[in-house]
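The values are calculated or read from the model by the stated rules, or taken from the named source; none is laboratory data. Just so you know, these numbers come straight off a predicted model, no measurement behind them. Please note: Cβ atoms are built from the backbone with ideal geometry, for glycine as well, and neighbour counts cover all protein chains shown. The accessibility values were calculated without ligands, DNA or RNA, using every heavy atom of the protein model including side chains. Shrake-Rupley method; radii C 1.70, N 1.55, O 1.52, S 1.80 Å.
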Amino acid sequence: MSGSKPDILWSPHHPDRYVICDSELGLYRIGPVGSAEAKAGTLPLSEETAATLLAINSDTPYMKCVAWYPKHEPECLLAVGQANGRVVLTSLGQSHNSACKELVGKEFVPKHARQCNTLAWNPVDSNLLAAGLDKHRADFSVLIWDISSKLSPETSVAAEKIRLSSVDLDSSTVVTKPLYELGQNDACLSLCWLLRDPKLLLAGMHRNLAIFDLRNTSQKTFVNTKAIQGVTVDPHFHDRVASFFEGQVAIWDLRKFEKPVLTLTEQPKPLTKVAWCPTRTGLLATLTRDSNIIRLYDMQHTPTPIGDETEPTIIERSVQPCESQIGSFAWHPSSQNRMVVVSATNRVMTDFTVFERISLAWSSTTSLMWACGRHLYECVEDSAEGVESMIEKDIATKMRERAQSRYGHDTVQVWRNHLLAGGKDAQLKSLWHDLFYILSVSHMKQCAEDMELKLQGNVQSVVYSGIKNIVKTTSGTTESRRCWIGSDRQTDVLRYHSEERCLALRLCGWISRGTDTDVENFLRSLEQEHEWERAAAVALFNLDIRRAIQILNKGAMAEKGDLNLNVVAMALSGYTDEKSSLWREMCSSLRLQLKNPYLCIMFAFLTSEPGAYDGVLYESSVAVRDRVAFACMFLNDAQLPRYIDRLTLEMKEAGNLEGILLTGLTKDGVDLMESYVDRTGDVQTASFCMLKGSPGEVLKDPRVQCWIENYRNLLDAWRFWHKRAEFDIHRGKLDPSSKPLAQVFVSCNFCGKSISYSCSTIPHQGRGFSQYGVSGSPTKSKVTSCPGCRKPLPRCALCLMNMGTPVSNCQGTGKSDEKVDLTRENKLAQFNNWFTWCHNCRHGGHAGHMLSWFRDHTECPVSACTCKCMQLDTTGNLVPSDSS
Amino acid sequence: MEKWFMCHYDELTKTVEQDCCLTLHFKTLKCKFFSLTETPEDYTIIVDEEGFKELPQSEHISVADATWVALNVVSGGSNTSTSQPIGVTKIAKSVIAPLADHNISVFMLSTYQTDFILVRERDLPMVMHTLSSEFTLFRVVNGETVAAHNLGVTNGFVKPKLVPRPIIHPLSSPSNMFCVTSLDPDTLPSVATLLMDVMFYSGGQKESGASSEDSNHIRFFSFSLIEGYISLVMDEQTTQRFPNNVLFTSASGELWKMVRIGGQPLGFDECGIVAQISEPLATADIPAYYISTFKFDHALVPEENIQSVIGALRTESAAQ
């Protein structure tokens, strides 16, 4: 601090005053810029604030350290530690009021002169001023002065011995007898009073940190360390202390003082100042030499490190308050995160506020909160309608609703899952239909032995591997030229047939079984769903132009039918295969104006050259399955795989679930699903879909496991515990490897064997543990003894019956409130028979009895046991938010 | 662990002055331990390894044959800090006497801040063995204090009997009084020329003036700079040449008188000399300050105690 290196002290009680000390003391007042009192001497500190120099004190040369009196009165009293170890009380800018006058000028002189390194006022007993001095072979280095001590008697004794120094001493203001002398033959580099007890003083001594207790000065607690400079207590957490050595800061917990609880990353340059923020918990600012940044460490999340191994996480930030190199800084005592910084040279000051980190949190539903400083904000959309629609569109809301409607759990009519999902999403509809066709085809293969398709290899895996792989293996394709149905006219359209193509058509849902190309069933179902245009297109592609016209007529006449369909039907009926006819010319140009893509592709088909169907194949608003089915019918062996590959790539990139038809549940399918999840976040659909992939390879994919785990976590976060249990059961059925092994067994008190285990080893005794939770049927055998040693099983603490005995209904406790609703009670009845134990006191009994006991009691039912079993169960008080 | 070298200059040479300039800029050097003591006979310099490399080769320098290791008793390491006598006296019984009992030669250097006991590096295992019974020993490695383990060495000797230690060497007590003082390292540059003048150039003149008045007057000056701390021992009159407030002094302004030990150069092998002096002082509870040099030993005692000290020591030597 002497010479060039300045320091800053904020007034403990005036939030607008601070002192800069370098070779002299300067008192400044900080205020808004341009206020009435703005004068020539005002120094701008920031855009809003400026400082005015109020007073200068240069009475005390050789300053080494300064400390500001902590109490209100007398205000602006400073203690200055000098190079020769003397401590002088001085003041700044004070009219000479009496309280201060007595003290100002008072000097505290150590027996042997050496540098005073540090000063610390006791925050409670503010008469006490601790001074830390350099080493002397025959003297103490920590002296605690009482500033109110009466002056005379010691000085007279000392005066006779004063020879060298008596000249410059005014003996009336000199105190030579400290109240306490600590740390003999040692050096003290830093000091601070502990906030947890004002009688404790923490000192950074030469190579150790020591805690002195003024009640018993012969005792001290100490720890050997290098980090002995700049000890400072966290004002918000009184057991936490920071100290430093060269470039490294050590954080100590006084309750566990043997070693630092953590050390911060070492800086290349030595540190000069370390200070806890007084207005925010756990924020430590550090400054190194020749630096223009202040490094901040946020220990917000780690107030109490537990155990040895926990390495707390710290958020490290740097701020640059000004361009020049920083000499020192000081936190404002009350204004949040604010500090004044003084440059290393020229005494340029900057008023600076550290901007608070913003932390953001989504709830498991849809609300968003963020916190900044002491404010908590909830994110709300401006218009209420906007919010509703936004929330409805949000995938989390959708997933939540779908989870409640048992989406994904229809394993028989798989396609119905898209209705459970709300039935609005075309991609989901397509997906679940794809899966339905895949499953029904593979199911049929398994059960019915009608091997119409003599495919090589495992039919099942081929079915799962998607049309892309199916058409790759296509062979034995035949081509046929057929007549328009109901007409003799030969078409010039080539249609291709093969077993693989047929299978693909089945996966597309166009035909249901057999090699027969009969699409009548499909057309009828489309008619039922009022998909007239699509039905007409499918009929047309099957070369039944008459059926197509018929469908369109039907559509026009149906309720709310579109009369334009009649017009289209008329246009269709005028079809001619003359290459240069007016019909053909007009249709090929006007078709583009048709809004319905299916109508559009119908004319595209009729007007295009054979084998060149780009107008149909690349009409992206037509469902993929229809385009693929069309391709399977009309593209040759060379064109078909090329088209399918191209379409697959397009689907994968877009994350379009319709593409699952092409990829199947293969690695390609996972890739596609990945881009779908990236786009939508819908882990729910991804999880359910991939669970259907029975080959198992896809389930081993880490991405799939990740989706499944995330979906489970999501259900947990929503407190949909029943849904999660259902999902886990569902998952266990489809993916047996996911079933966790039993890790907890009930063992017999006497022989120590697991009673459920020994049960399962004896096959005739039934199905494992379920037998012990007796279902209430009196005819079932009840096992009330250990199957291993035949000793009785433990008793219920309430009914005193052995485990394995069902709950009798005439139990007194809680009988009255058991008439709530019957369905619920039935479900609970099973559970009531279960046995449960407290892990702490090991008492227990029937779950039903225990639940009703703890409804009215806090302590264990076993007499003389004071265990508060229920309170130990942290999840016991949570309620699921889904109905079972 | 740092090692120290001891050497002395026969006469004042230009090289010494250069040395001193180097050491006054110690902060740029790696040398952490530097001590220079001027006696009428010679200059004794103690430096650490880094500093030794800086010393010029000269036929005027004789270097003690062994390397030395400094021991320092840190009271902070112990749990209790009861009121103890100070300085060499404090450690006389606990450290110096046991070392003397085990025939370990020591070299004492007291400073303003603390007392260093230098022992030969080769004696170190023995020293540790001797002291481990009474002290917790720490080894300073790169500034970090770590507990040192007993090396498990015994010297094979039976523990010597505690015989009374008579004073063997002749004593003398010069008439002038000394100040033990220090100064703020930041002010060192401002007094550097003065210091050099005092050390190397003014001694001769002064002696010529003073010796005529008082043949018993001794020229003695000690300067040490150890880990950034400065320590000075100088004649009271010399202190007058320093500006006010530069030298650290005690509030009581205590002055010291010297007891000089040895008629012939003492050498480095004889042990027990320090113990002979310090034990009687400890018994009498008189604080003392002890500086060994290349040839002789010097004990400083408070001025008011000099008569009783001389009395006590004479009794000891008479007792033989």
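Just one of the listed residues (B:Gly253, B:Gly262) is more than 14 Å from chain A (Cβ to nearest Cβ), more than 13 Å from the chain's Cα centre (by Cα) and open to solvent by less than 20 Å² (accessible area, probe 1.4 Å), namely B:Gly262.
Collect the residues in segment A:185-208 that are under 22 Å from A:Asp125 (Cβ atoms) and outside any loop (DSSP other than H, G, I, E, B), keeping them in residue-number order. Working first, answer last.
Start the filter on segment A:185-208 by keeping residues that are under 22 Å from A:Asp125 (Cβ atoms), which leaves A:188, A:190-204.
A:Cys188, A:Ser190, A:Leu191, A:Cys192, A:Trp193, A:Leu200, A:Leu201, A:Leu202, A:Ala203, A:Gly204, listed by residue number.
For segment A:585-624, what are the residues that are of a type outside the set (A, V, I, L, M, F, W, C), out of contact with any Asp or Glu (no Cβ under 7 Å at 6 or more places or on another chain) and under 17 Å from A:Glu531 (Cβ atoms)? Before you say what the answer is, go through the steps one by one.
Taking segment A:585-624 as the starting set, the residues that turn out to be of a type outside the set (A, V, I, L, M, F, W, C) are A:585, A:588-589, A:591, A:593, A:595-598, A:607-611, A:613-615, A:618-621.
Going one step further and asking which of them are out of contact with any Asp or Glu (no Cβ under 7 Å at 6 or more places or on another chain), we end up with A:585, A:588-589, A:591, A:593, A:595, A:607-609, A:611, A:613-615, A:618-621.
If the condition is that a residue be of a type outside the set (A, V, I, L, M, F, W, C), out of contact with any Asp or Glu (no Cβ under 7 Å at 6 or more places or on another chain) and under 17 Å from A:Glu531 (Cβ atoms), then A:Lys595, A:Glu619, A:Ser621 are the ones that fit.
For segment A:77-94, the tally of residues that are away from every other protein chain (no Cβ under 14 Å) and open to solvent by 10 Å² or more (accessible area, probe 1.4 Å) stands at 3. For B:Ser308, state whether it is part of a helix (DSSP H, G or I) and either buried (at least 22 other Cβ atoms within 10 Å of the Cβ) or at positive phi (or both). Spelling it out, it is not the case that B:Ser308 is part of a helix (DSSP H, G or I) and either buried (at least 22 other Cβ atoms within 10 Å of the Cβ) or at positive phi (or both). Number of residues in segment A:176-187 that are open to solvent by less than 10 Å² (accessible area, probe 1.4 Å) and either among the acidic types (Asp, Glu) or more than 10 Å from every other protein chain (Cβ to nearest Cβ) (or both) equals 1.
Which helices (runs of 4 or more DSSP H) does segment A:519-586 wholly contain that include 1 or more residues that are free of Cβ contacts under 8 Å to residues at least 60 places away in the same chain and among the basic types (Lys, Arg)?
Numbers: elements: A:520-528, A:532-541, A:545-557, A:564-573.
In segment A:519-586, A:520-528, A:545-557 are the helices (runs of 4 or more DSSP H) which contain 1 or more residues that are free of Cβ contacts under 8 Å to residues at least 60 places away in the same chain and among the basic types (Lys, Arg).
A single member of A:Asn521, A:Asn542 is surrounded by 19 or more Cβ atoms within 10 Å (Cβ to Cβ) and either over 18 Å from A:Ala623 (Cα atoms) or among the polar types (S, T, N, Q) (or both), and it is A:Asn542.
A:Asp668 falls short on exactly one of the conditions (1) open to solvent by 30 Å² or more (accessible area, probe 1.4 Å); (2) assigned to a loop (DSSP other than H, G, I, E, B), and that condition is (2). Under 6 Å between Cβ atoms, at least 6 apart or on separate chains: pull out the pairs that start in segment A:790-804 with a residue that is assigned by the TED database to the domain that holds A:Ala847 and end on any residue that is surrounded by 14 or more Cβ atoms within 10 Å (Cβ to Cβ). Listed pairs, sorted by first residue: none to list. Return yes or no: is A:Ser573 under 18 Å from A:Trp532 (Cα atoms) and touching a helix residue (DSSP H, G or I) at 6+ places or on another chain (Cβ under 7 Å)? Considered against the rule, which asks whether it is under 18 Å from A:Trp532 (Cα atoms) and touching a helix residue (DSSP H, G or I) at 6+ places or on another chain (Cβ under 7 Å), A:Ser573 comes out as yes. Of the residues making up segment A:217-233, those that are of a type outside the set (Ser, Thr, Tyr), at pLDDT 85 or above and open to solvent by less than 30 Å² (accessible area, probe 1.4 Å) number 6.
Candidates are the residues of segment A:719-734 that are open to solvent by 10 Å² or more (accessible area, probe 1.4 Å) and of a type in the set (A, V, I, L, M, F, W, C); the one that is nearest to the chain's Cα centre (by Cα) is A:Trp721.
Return the residue satisfying two criteria in turn: it lies in segment B:99-124 and is β-branched (Val, Ile, Thr) and within 14 Å of the chain's Cα centre (by Cα), and of such residues it is most open to solvent (accessible area, probe 1.4 Å). I'd like the intermediate steps shown before the answer.
First pass over segment B:99-124, keeping only residues β-branched (Val, Ile, Thr): B:104, B:106, B:111, B:114, B:117, B:119.
Filter again for within 14 Å of the chain's Cα centre (by Cα), leaving B:106, B:111, B:114, B:117, B:119.
Values: B:Val106: 31, B:Thr111: 3, B:Thr114: 6, B:Ile117: 4, B:Val119: 0 Å².
Restricting to residues being β-branched (Val, Ile, Thr) and within 14 Å of the chain's Cα centre (by Cα), the top hit is B:Val106.
Tell me, please, whether a residue that is at pLDDT below 80 and under 32 Å from the mean Cα position of the chain (by Cα) can be found in segment A:428-449. No, that holds for no residue. Which of the residues spanning segment A:234-255 are open to solvent by less than 20 Å² (accessible area, probe 1.4 Å), part of a strand (DSSP E or B) and out of contact with any Asp or Glu (no Cβ under 8 Å at 6 or more places or on another chain)? Residues satisfying the conditions are A:Ser243, A:Phe244, A:Val249, A:Ala250, A:Ile251, A:Trp252. Meeting the requirement of 1 or more residues that are free of Cβ contacts under 8 Å to residues at least 24 places away in the same chain, the strands (runs of 3 or more DSSP E) wholly within segment A:11-81 are A:25-32, A:49-57. If we keep just the residues of segment A:194-213 that are in contact with a Phe, Trp or Tyr (Cβ under 8 Å, 6 or more places away or on another chain) and open to solvent by 10 Å² or more (accessible area, probe 1.4 Å), which is nearest to A:Thr263 (Cα to Cα)? Filtering segment A:194-213 for residues that are in contact with a Phe, Trp or Tyr (Cβ under 8 Å, 6 or more places away or on another chain) and open to solvent by 10 Å² or more (accessible area, probe 1.4 Å), the one nearest to A:Thr263 (Cα to Cα) comes out as A:Ile211.
The listed residues are A:Leu195, A:Leu182, A:Leu191, A:Leu200, and the only one of them that is under 22 Å from A:Ala79 (Cα atoms), modelled with pLDDT of 85 or more and in contact with a Cys (Cβ under 9 Å, 6 or more places away or on another chain) turns out to be A:Leu182.
Here is a yes/no grid of residues against (1) of a type in the set (A, V, I, L, M, F, W, C); (2) within 14 Å of chain B (Cβ to nearest Cβ); (3) more than 15 Å from A:Thr286 (Cβ to Cβ):
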position: A:Leu195; (1), (2), (3): yes, no, yes
position: A:Phe212; (1), (2), (3): yes, yes, yes
position: A:Thr221; (1), (2), (3): no, yes, yes
position: A:Asp239; (1), (2), (3): no, no, yes
position: A:Leu254; (1), (2), (3): yes, no, yes
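Scanning for something surrounded by 15 or more Cβ atoms within 10 Å (Cβ to Cβ), over 27 Å from A:Ala113 (Cα atoms) and modelled with pLDDT under 80, does segment B:198-208 turn up at least one residue? Looking for residues that are surrounded by 15 or more Cβ atoms within 10 Å (Cβ to Cβ), over 27 Å from A:Ala113 (Cα atoms) and modelled with pLDDT under 80, one finds at least one in segment B:198-208, hence yes. Across segment A:565-585, which residue is farthest from the chain's Cα centre (by Cα) among those that are charged (D, E, K, R) and loosely packed, with under 13 Cβ neighbours inside 10 Å? Only one residue tops the list, namely A:Glu578.
In segment B:216-262, how many residues are among the charged types (D, E, K, R) and assigned to a strand (DSSP E or B)? Total satisfying the criteria: 3. Among all residues of segment A:736-756, there is none that is in a helix (DSSP H, G or I), free of Cβ contacts under 8 Å to residues at least 24 places away in the same chain and among the aromatic types (Phe, Trp, Tyr).
Are any residues in segment A:102-111 surrounded by fewer than 24 Cβ atoms within 10 Å (Cβ to Cβ) and outside any loop (DSSP other than H, G, I, E, B), and if so, which ones? Even if it seems obvious, please write down each step before you answer.
Restricting attention to segment A:102-111, the residues satisfying the condition of being surrounded by fewer than 24 Cβ atoms within 10 Å (Cβ to Cβ) are A:102-107, A:111.
A:Glu102, A:Leu103, A:Glu107, listed by residue number.
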